[in-house]
Amino acid sequence: MDVTVTSLLCVMVLYICDTSATPAQLNSWIHNRLPRGYSDDRIIRSDMTATDQIIEANEFRTAQIPEVTSFRDGDIAVTTGGHSKVCFARSCQWSKSVDGHVYVAYRLSSDYSSLDQRIIKTGMDQIESGTCVRFVPRTHERDYLDIQPQSGCWSYLGQRGGRQTLSLQSPDCMWSGVATHEFMHALGFVHEQSRVDRDQYVTVIWDNILKGHAKSFEKFKTNNLDTPYDYESIMHFGMYAYSEEGDPTIIPKRNKIVKVGQRTSLSALDKMKINKLYNCEISEDY
């Protein structure tokens with residue numbers, strides 16, 4: 001075996017055996033020294049939140065996206081011109097039907113495999129369960145989500161009117177939690193740590209943030225719908241989001257050991273927010 005490779009493997013073994021190294025630090029270390037594919041270790045990835053997966057996928061987003069001028073918080077698409085309005089809470093809701101449901105029409109790209117389609121549908125199911133939102137294949141609807149495997153994982157905020165692109169690149173964004181996260185943006189929800197009152201609940205460690213990504217931690221002037229701050233929201237950044245060296249970028253204030261972020265599904269408060277925003281009348285059918 002090549003001496004260089006042997007030395008690298010020896011160093012890796014010593015580092016991995018160091019129990020003081022956090023999963024994020026280990027992940028950062030591997031990213032800096034091995035090709036990206038080698039970071040797909042289940043032990044390391046098991047602690048990743050949906051936002052961690054999105055950040056990783058979007059880190060390598062290289063293709064130009066003509067309709068998008070920039071991204072806020074890493075995955076919220078922003079444009080200029082007629083569709084540049086800012087959407088917060090009730091200002092960009094999808095229409096509610098007379099039967100009490102909110103039907104979100106969508107078109108799914110034919111480029112997705114059957115497995116991709118099942119993952120995306122699972123993301124939809126997570127939102128439909130316990131809420132009045134229903135995702136329906138588009139027939140004639142003017143307003144609809146055009147779900148495409150473009151470059152990276154991203155969505156516009158709220159309903160914009162007409163065809164509305166939502167990108168779930170394959171395979172990088174093919175996680176049900178990632179799909180759910182982007183659908184939440186499309187319904188009108190920002191990241192949890194972007195709440196206007198977030199400084200009461202978390203501390204942002206600005207010095208640990210990767211250069212050029214501090215804007216991803218700015219606050220929105222949000223309508224919090226009279227709901228508590230939700231550390232376990234699928235819309236919350238993980239503790240190591242955009243970390244420069246694998247050190248925490250977000251630390252909870254009231255409980256240092258509380259888990260921050262969510263990997264696979266909506267929290268109970270996420271569902272509550274959907275139901276409050278869209279005035280869902282919950283019944284046993286949900």
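The values are calculated or read from the model by the stated rules, or taken from the named source; none is laboratory data. The structure presented is a predicted model; accordingly, all values stated were derived computationally and were not measured. Positions of Cβ are generated from backbone atoms using ideal geometry, with glycine treated the same way; all protein chains shown enter the neighbour counts. Protein only, heavy atoms only, side chains kept; ligands, DNA and RNA dropped before computing areas. Shrake-Rupley method; radii C 1.70, N 1.55, O 1.52, S 1.80 Å.
For residues in segment 38-85 being modelled with pLDDT under 75 and polar (S, T, N, Q), which is most open to solvent (accessible area, probe 1.4 Å)?
Only one residue fits best here, namely Q64.
Is one or more of the residues making up segment 169-182 small (G, A, S), farther than 17 Å from G123 by Cβ, open to solvent by 40 Å² or more (accessible area, probe 1.4 Å) and at pLDDT 95 or above? Working first, answer last.
We begin by selecting, within segment 169-182, every residue small (G, A, S); these are 170, 176-177, 179.
In the following step, the residues that additionally are farther than 17 Å from G123 by Cβ were identified as none.
No; the residues of segment 169-182 include none that is small (G, A, S), farther than 17 Å from G123 by Cβ, open to solvent by 40 Å² or more (accessible area, probe 1.4 Å) and at pLDDT 95 or above.
Could you list all residues from segment 234-267 that are among the aliphatic types (A, V, I, L, M), surrounded by 15 or more Cβ atoms within 10 Å (Cβ to Cβ) and either without any contact (Cβ under 8 Å) to a residue 12 or more places away in the chain or not in a strand (DSSP E or B) (or both)?
Across segment 234-267, the qualifying residues are I234, M235, M239, A241, V260, L266.
Pull up segment 189-201, narrow it to residues that are touching a Lys or Arg at 6+ places or on another chain (Cβ under 8 Å) and open to solvent by less than 30 Å² (accessible area, probe 1.4 Å), then point me to the one that is farthest from Q159 (Cα to Cα).
R198
One residue is enough: does segment 94-113 have a residue meeting the conditions within 22 Å of Q148 (Cα to Cα) and modelled with pLDDT under 95?
No: segment 94-113 contains no residue that is within 22 Å of Q148 (Cα to Cα) and modelled with pLDDT under 95.
Among E218, E232, which is the only one that is under 15 Å from H191 (Cβ atoms) and in contact with a Gly (Cβ under 8 Å, 6 or more places away or on another chain)?
Only one candidate qualifies: E232.
Could you please find all residues in segment 149-168 being over 13 Å from the mean Cα position of the chain (by Cα) and under 15 Å from I76 (Cα atoms)?
Selection gives Q150, S151, G158, Q159, R160, Q164, T165.
Is at least one residue of segment 125-134 over 18 Å from the mean Cα position of the chain (by Cα) and either over 25 Å from S267 (Cα atoms) or open to solvent by 60 Å² or more (accessible area, probe 1.4 Å) (or both)? Full working, then the answer.
Kept after step one, since they are over 18 Å from the mean Cα position of the chain (by Cα), are these residues of segment 125-134: 129-134.
Now restrict to residues that are either over 25 Å from S267 (Cα atoms) or open to solvent by 60 Å² or more (accessible area, probe 1.4 Å) (or both): 129.
Looking for residues that are over 18 Å from the mean Cα position of the chain (by Cα) and either over 25 Å from S267 (Cα atoms) or open to solvent by 60 Å² or more (accessible area, probe 1.4 Å) (or both), one finds at least one in segment 125-134, hence yes.
Please go through segment 202-226 and pick out each residue that is outside any helix (DSSP H, G or I), under 19 Å from G158 (Cα atoms) and either in contact with a strand residue (DSSP E or B) (Cβ under 7 Å, 6 or more places away or on another chain) or among the hydroxyl-bearing types (S, T, Y) (or both).
Once the filter is applied, which keeps residues that are outside any helix (DSSP H, G or I), under 19 Å from G158 (Cα atoms) and either in contact with a strand residue (DSSP E or B) (Cβ under 7 Å, 6 or more places away or on another chain) or among the hydroxyl-bearing types (S, T, Y) (or both), segment 202-226 yields only T222.
Consider segment 219-231. How many of its residues are modelled with pLDDT of 95 or more and open to solvent by 70 Å² or more (accessible area, probe 1.4 Å)?
So the count comes out to 1.
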